Amino acid sequence: MPRINSPAELEEFRKDIMSKRDPKRPCIAVCTGTGCLALGAAKVVAAFKEELKKQGLQRKVDIRETGCPGFCERGPLIVIHPEEICYLRVQPGDAEEIISQTILAKKIIDRLLYVDPITGEKIIHESEIPFYKNQKRHLLGNNIKIDPKSIVDYLAVGGYSALAKALSQETPEQVVEMVKDSNLRGRGGAGFPAGKKWEFARKSPGDTKYVVVNADEGDPGAFMDRAVLEGNPFSVLEGLTIGAYAIGSHEGYFYVRQEYPLAVENVTLAIKQAEEYGFLGKNILGSGFDFTVKVHRGAGAFVCGEETSLLRSLEGKPGEPRARPPYPAVKGLRDKPTNINNVETWANIPLIVTNGPEFLTSIGTKGSTGTKIFSLVGKVNNTGLVEVPMGITLRDIIYKVGGGVPGGKKFKAVQTGGPSGGCIPEKHLDIKVDFDELRKVGAIMGSGGMIVMDEDTCMVDVAKYFLNFLTGESCGKCTPCREGIRQMLKILTNISGGKGREGDIELLEELAQTTRDASLCALGGTAPNPVLNTIRYFRDEYEAHIKEKRCPAYVCKELIAYHIDPEKCQACMICLRKCPAQAISGGKKQIHVIDQEKCTKCGTCFEVCPARFDAVRRLSGVPVPPPIPEEARMIVRESKQK
Amino acid sequence: MDNAKIDNIIDKYPSDPSSLIQVLLDIQHENRWLPEEALKRVSEKLRVPLNRIQHIITFYKAFSVVPKGRHEIHVCTGTACHVRGAPRLLSTVQDLTGIKPGETDQDLKFSLETVNCVGCCALGPVMVVDGEYHGNMAPAKSEDVLKEYE
Amino acid sequence: MSEILLQIDGREVEAKEGMTILEAARSAGIFIPTLCHHEKLEPYGACRICVVEADVGGRTSLVASCLYPVEKNLVVRTRSEKVDKTRKMILELLLAHAPDAPALQELVQQYGADKDRFEKESSFCVLCGLCVRYCTEVKKKNAIGFFDRGARREINFIPEIASRECWNCKECFPLCPTSYLQAAYHLTEALAFPSPSFLIRVRGTGNA
């Protein structure tokens, strides 16, 4: 490993790499991000490797294990370079055919292609698939092209040219100005202008300053940062190094949640390779600038995503937030000026330095420039990670990119911002995704979690879910958060349990007020958001639960019952056998009956009853019809044939 | 866990209080739980008072102060899995194993935990057993999966 | 130390840089109620009883006066409709734990807090943290600490340390606003301290 000592040497090295790479050489890129690994991608890779060996092609065809390109719904996913043929839901058994047909014979295997659900058209090239076509993948685009464990791959796609430029052509102040001009706003959720934050840290007195990558990504349902860290850790590392230079810091930290072992592994490896090549350490690229980075794992606490809690955790303490002011830019890690930014924010930095601030300002809205990665999940067809320009409408994300709601169900709401956010109903689907626009409708951008909900989602249950999450994740130090959330959760539990009372909504609103106004940190301060927001848009559901003891979406267990319609039941025994609580009685010719005492409301019978019978009904707010008498339960099939 | 092993772990990090969580994570990973003697050793060597260590191991969910079962089940209760039916899955797994999240069964066979999003939302609801991911887990399927574990 | 001029309840108050709003108010004879605050301890900001309205950067927000540093031209209101409503609610939340706590009764009267607003909780600790902080910061014995987080947060004695140190000390006892601390101590002593014969030996050698 040669140590690269100057920008000129870097370009030489890069030229050397490119000269040794044949752009026409076939390469099978297999996504080995956590999602595809869970679907068996490792076996797919092994199958390819074995098949190549069998056919004696190891030296002629490359296999590249890459990070996540986002189309998680269709994994395991491969892209064959240079043609960019995209195959979806690849199984190990397909390896032989892919190599023989596509690699050697240059034939396309139709059954592995993406099929447009409306036109039926089969699409070959990755970039033409509607899921990708409507995105702008500045940050994720390289994921399918590089092996995240290889710095050479990163250099081959232009990596570290931004750092070289910053160190050799810009002063630290100029770099700060570039970031300010780009109007990059923090991608962690609060949306504070990154350039301004950098400037505060830069201007704080003191020689010891720290820069930190917040990779705690605690919002349940959000995994954008995981994909960036697993798939392109060098991009974040390069951004961090540029930031350290701009602010005047020589020591940096990645704070990565321990629930992401692959991200921890890839970041650690990236740091090691960067050190070997001279992109970290002393006198980086001959600039005189020194910088070292360490990886620090989280230990399972959502609150540590809050910057002051994160710093406490970095110091080996419990993650209790600190009051601000003083802000971390003035008094942060070990009371020194510290700049913390989210993974995605850091990943934007090399793009700004290489291409200028216009790279961001030319996309998006005035108040929200650049792109944003969202994890589009829940009741949506194309579940996965999408990177779109700010200013795109929610409708376009959900329908154009996401392919709409599956199963013919009706869209109900889209939840953004995690436990600090809100659910946006249908009438606001045409708003532009923008920090300020989302606030206006009572939600927030958040870190990027975008959970689509349909008619089967109960909004009271959603509010209860988030409060339940927060009551365990709150550090518990301050009264309004600990006790306020505790009491709000009690009320919501009562409402969803059929014990709601008149005045509950008003009490919730009063508690919400105190919790929001007087909490020590933003966890408590934003905890009431999901409650207030669902009351705002779905008050009718709350009222149905309280006044009629009815759950319109058939979710709240205490308020629903499953019932087998004796007119429709054909005694096929499927539900009887599958019932995990053995609550269904009946026989081959005996109409099935659910014992309401034993029923755990798991919904299995409802799911497995064959569609042509459609005999299981969900009831809510009405009494369950008593079982028909034993004698009437015998199915007389002969009479039906008559 | 003997002192030599613990000291090995401690020596990998700077010997000051800020290494506390990293050290405990490594001990937890290797030993699968944190026995009291290990905590006392860490307290001595890193010069951190026991009350802070106690707070940390109860504050952060990665740590376990009781031995874990042979097989660790993690049911994802992230928002995406939640709207896809994770509560029903969790309820069924609880019934099958006889334990609640945070508990280990009497035979030390299974330990159950909930986890707030493993980042596999496309496969929701997700259940991870011993690091192996099982996606699209309808409650009824969980019995078949758990049967495979001795 | 430079002088900073701020406004509290319509009065001009002179404060020194580095002071908190609470310190500035007290120096001017303006009263702000507190619960988890203690002169011998670092300000904690947990109970939030001391919240006041502060106009900063064109916005008004509630801040904990025990922690918020004074700034030039800061405008502070120690009482207002919002402040009073908030203090009342915080008291009611605490009363769900300790309805008869002596330290709270005067405030309960003053703010019209309803002891029965919320159903009673099982623990009557209000988690003001005075005991833990006193033992850590002043006595430096670390015999008691916080455990867990969120709604499950609680205080516990560390039996091995408490059995050595607390017998002769107990300086934290009078600090507890609800007397939960004394109860916790006696329970720990009964259930978790090493056996009496061991203790006698330890104390007998004067190594307590």
Check off (1) closer than 30 Å to A:Leu467 by Cα; (2) out of contact with any His (no Cβ under 7 Å at 6 or more places or on another chain) for C:Val126 and give me the number that stays unchecked.
-> (2)
Could you tell me which residue of segment A:573-587 is nearest to the chain's Cα centre (by Cα), considering only residues that are away from chain B (no Cβ under 13 Å) and at positive phi?
-> A:Met573
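Can you go through A:Ser375, A:Ser368 and tell me which one is surrounded by 24 or more Cβ atoms within 10 Å (Cβ to Cβ) and within 10 Å of another protein chain (Cβ to nearest Cβ)? Walk me through it before giving the result.
Details: A:Ser368 fails: within 10 Å of another protein chain (Cβ to nearest Cβ).
Just a single option satisfies the conditions, and that option is A:Ser375.
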A:Glu558: passes all of (1) touching a residue at least 60 places away in the same chain (Cβ under 8 Å); (2) among the acidic types (Asp, Glu); (3) part of a loop (DSSP other than H, G, I, E, B) but (3)
Flagged pairs (Cβ under 7 angstrom, 6 or more apart or on separate chains; first in segment C:71-82, within 14 Å of C:Arg11 (Cα to Cα); second charged (D, E, K, R) and part of a loop (DSSP other than H, G, I, E, B)) are C:Arg77/C:Asp9; C:Thr78/C:Asp9
Taking segment C:1-22 as the region of interest, how many residues are touching a residue at least 60 places away in the same chain (Cβ under 8 Å), hydrophobic (A, V, I, L, M, F, W, C) and under 25 Å from C:Leu35 (Cα atoms)?
-> 2
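Any idea which of C:Val70, C:Val132, C:Val75 is over 20 Å from C:Leu175 (Cβ atoms), surrounded by 19 or more Cβ atoms within 10 Å (Cβ to Cβ) and touching a strand residue (DSSP E or B) at 6+ places or on another chain (Cβ under 9 Å)?
Details: C:Val132 fails: over 20 Å from C:Leu175 (Cβ atoms); C:Val75 fails: surrounded by 19 or more Cβ atoms within 10 Å (Cβ to Cβ).
Testing whether each residue is over 20 Å from C:Leu175 (Cβ atoms), surrounded by 19 or more Cβ atoms within 10 Å (Cβ to Cβ) and touching a strand residue (DSSP E or B) at 6+ places or on another chain (Cβ under 9 Å) leaves just C:Val70.
Going by the structure shown, is A:Thr268 part of a helix (DSSP H, G or I) and either in contact with a His (Cβ under 6 Å, 6 or more places away or on another chain) or more than 14 Å from chain B (Cβ to nearest Cβ) (or both)?
Working: part of a helix (DSSP H, G or I): yes; either in contact with a His (Cβ under 6 Å, 6 or more places away or on another chain) or more than 14 Å from chain B (Cβ to nearest Cβ) (or both): no.
Here the answer is no, as A:Thr268 does not meet what is asked.
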Give me the pairs: first residue in segment C:89-118 and aromatic (Phe, Trp, Tyr), second residue at pLDDT 95 or above and part of a helix (DSSP H, G or I), beta-carbon distance under 8 Å, and six or more apart or on different chains, which are they?
-> C:Tyr111/C:Asp84; C:Tyr111/C:Arg87; C:Tyr111/C:Lys88; C:Tyr111/C:Leu91; C:Phe118/A:Gln487; C:Phe118/C:Glu92; C:Phe118/C:Leu93; C:Phe118/C:Leu95
In the set A:Gly384, A:Gly316, A:Gly300, the lone residue that is surrounded by 19 or more Cβ atoms within 10 Å (Cβ to Cβ), within 11 Å of chain B (Cβ to nearest Cβ), among the small types (Gly, Ala, Ser) and free of Cβ contacts under 8 Å to residues at least 12 places away in the same chain is A:Gly316
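Can you give me the number of residues within segment A:388-403 that are of a type in the set (D, E, K, R) and under 12 Å from A:Val433 (Cα atoms)? Before you say what the answer is, go through the steps one by one.
Of the residues in segment A:388-403, the ones of a type in the set (D, E, K, R) are A:395-396, A:400.
If we keep only those that are under 12 Å from A:Val433 (Cα atoms) as well, we get A:395-396.
Number of matching residues: 2.
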Would you tally the residues in segment A:387-421 being more than 14 Å from chain B (Cβ to nearest Cβ) and in a strand (DSSP E or B)?
-> 4
Within segment A:319-338, the count of residues that are farther than 25 Å from B:Val23 by Cα and more than 14 Å from chain C (Cβ to nearest Cβ) comes to 3
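I'd like the residue in segment A:403-456 that is among the small types (Gly, Ala, Ser) and over 19 Å from the mean Cα position of the chain (by Cα) and, out of all such residues, is farthest from A:Tyr132 (Cα to Cα).
Quick first cut of segment A:403-456, residues among the small types (Gly, Ala, Ser) only: A:403-404, A:407-408, A:413, A:417-418, A:420-422, A:442-443, A:446-449.
Adding the requirement that they be over 19 Å from the mean Cα position of the chain (by Cα) leaves A:407-408, A:442.
Values: A:Gly407: 22, A:Gly408: 23, A:Gly442: 29 Å.
Among them, the one singled out is A:Gly442.
Just for helices (runs of 4 or more DSSP H) wholly inside segment A:69-170: which have at least 3 residues that are over 21 Å from A:Lys24 (Cα atoms) and hydrophobic (A, V, I, L, M, F, W, C)? Before you say what the answer is, go through the steps one by one.
Working: elements: A:130-133, A:151-156, A:161-169.
Once the helices (runs of 4 or more DSSP H) in segment A:69-170 are filtered for at least 3 residues that are over 21 Å from A:Lys24 (Cα atoms) and hydrophobic (A, V, I, L, M, F, W, C), what remains is A:161-169.
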Is it true that some residue in segment C:138-154 is more than 14 Å from chain B (Cβ to nearest Cβ) and in contact with a Pro (Cβ under 9 Å, 6 or more places away or on another chain)?
-> no
Please specify each residue of segment A:536-552 satisfying the condition of being assigned to a helix (DSSP H, G or I) and touching a residue at least 60 places away in the same chain (Cβ under 8 Å).
-> A:Arg536, A:Tyr537, A:Phe538, A:Glu541, A:Tyr542, A:Ala544, A:His545
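Here is a yes/no grid of residues against (1) crowded, with 18+ Cβ neighbours inside 10 Å; (2) among the hydrophobic types (A, V, I, L, M, F, W, C); (3) free of Cβ contacts under 8 Å to residues at least 12 places away in the same chain:
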position	(1), (2), (3)
A:Cys475	yes, yes, no
A:Cys481	yes, yes, no
A:Ile491	yes, yes, no
A:Asn494	no, no, yes
A:Leu507	no, yes, no
A:Leu511	yes, yes, no
A:Ala518	yes, yes, no
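Where in segment B:61-150 are there helices (runs of 4 or more DSSP H), lying wholly inside it, with at least 3 residues that are buried (at least 16 other Cβ atoms within 10 Å of the Cβ) and more than 8 Å from chain A (Cβ to nearest Cβ)?
Numbers: elements: B:79-83, B:86-97, B:139-147.
Passing ranges, in order: B:86-97, B:139-147.
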Cβ-Cβ under 6 Å pairs, at least 6 apart or on other chains, segment A:30-45 side more than 12 Å from chain B (Cβ to nearest Cβ) and assigned to a loop (DSSP other than H, G, I, E, B), far side of a type in the set (Asp, Glu) and surrounded by fewer than 24 Cβ atoms within 10 Å (Cβ to Cβ) | A:Thr32/A:Glu65
Please enumerate the residues belonging to segment C:135-150 that are crowded, with 23+ Cβ neighbours inside 10 Å and within 19 Å of C:Ser163 (Cα to Cα).
-> C:Cys135, C:Ala143, C:Ile144, C:Gly145, C:Phe146
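Output the helices (runs of 4 or more DSSP H) that fall wholly within segment C:1-113 and possess 1 or more residues being within 13 Å of chain A (Cβ to nearest Cβ) and closer than 17 Å to A:Ala323 by Cβ, or say none. Break it down into steps so the answer makes sense when it comes.
Working: elements: C:21-27, C:81-95, C:102-111.
Answer list for segment C:1-113: C:21-27, C:81-95.
Would segment A:458-466 turn up any residue that is within 14 Å of chain C (Cβ to nearest Cβ) and in contact with a helix residue (DSSP H, G or I) (Cβ under 7 Å, 6 or more places away or on another chain)? Quick ask: steps written out before the conclusion?
Narrowing segment A:458-466 to residues within 14 Å of chain C (Cβ to nearest Cβ): A:466.
If we keep only those that are in contact with a helix residue (DSSP H, G or I) (Cβ under 7 Å, 6 or more places away or on another chain) as well, we get A:466.
Yes - at least one qualifying residue is present in segment A:458-466.
Run down A:Leu492, A:Leu438 and say which single residue is touching a strand residue (DSSP E or B) at 6+ places or on another chain (Cβ under 7 Å) and either part of a loop (DSSP other than H, G, I, E, B) or more than 12 Å from every other protein chain (Cβ to nearest Cβ) (or both). So that I can check it myself, show each step before the final result.
Values: A:Leu492 fails: touching a strand residue (DSSP E or B) at 6+ places or on another chain (Cβ under 7 Å).
Only one candidate qualifies: A:Leu438.
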Is there a residue in segment A:496-503 that is buried (at least 19 other Cβ atoms within 10 Å of the Cβ), in contact with a helix residue (DSSP H, G or I) (Cβ under 8 Å, 6 or more places away or on another chain) and either polar (S, T, N, Q) or without any contact (Cβ under 8 Å) to a residue 12 or more places away in the chain (or both)?
-> yes
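The values are calculated or read from the model by the stated rules, or taken from the named source; none is laboratory data. The shown structure was predicted, so the numbers you read here are calculated from the model rather than taken from an experiment. Counting neighbours? That spans all protein chains shown, and the Cβs are built from the backbone with ideal geometry, glycine included.
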